[in-house]
Amino acid sequence: MLEKVVEGSPVPIGSAGENIQLAAGLAQFGMLLRNSEYKGRGGYELAIDLISGIKGDDREGYRKELLQLMKTAFDFSKKENSSPKYPTRGNNN
């Protein structure tokens, strides 16, 4: 296995380039959707904030559409966490 030490000082994600912010926000969103063990403490708010902070041109509207999808998933996650859990068919619990 190869290892390489990367030197330098940490940079706040908000000062990273737009492509890095987009990739980080999208990766966070994917980990939340899959409930990945690697999602860390970040939530939908972080993913939305990362992508909302990008000021670049969005001519095709993909970023706007992605943000809408993320906000919808966030709303569903809040409803899922607050709604009572009812037994499903075949489940006698």
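The values are calculated or read from the model by the stated rules, or taken from the named source; none is laboratory data. Quantities reported herein were computed from a predicted structural model and do not represent experimental measurements. Don't worry about glycine lacking a Cβ; one is built from the backbone with ideal geometry, like all the others, and counts go over all protein chains shown.
Overview of results
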read-out	value
First in the stretch 64-75 and within 14 Å of Leu26 (Cβ to Cβ), second anywhere and modelled with pLDDT of 95 or more and of a type in the set (Phe, Trp, Tyr), Cβ under 6 Å, 6 or more apart	Met70/Phe29
Subset of the stretch 33-44 [touching a Leu at 6+ places or on another chain (Cβ under 9 Å) and assigned to a helix (DSSP H, G or I)]	Tyr44
The stretch 36-81, subset among the aromatic types (Phe, Trp, Tyr) and within 15 Å of the chain's Cα centre (by Cα), residue nearest to Asn19 (Cα to Cα)	Tyr44
First in the stretch 17-45 and farther than 13 Å from Lys71 by Cα, second anywhere and surrounded by fewer than 13 Cβ atoms within 10 Å (Cβ to Cβ), Cβ under 7 Å, 6 or more apart	Glu18/Gly56; Met31/Tyr38
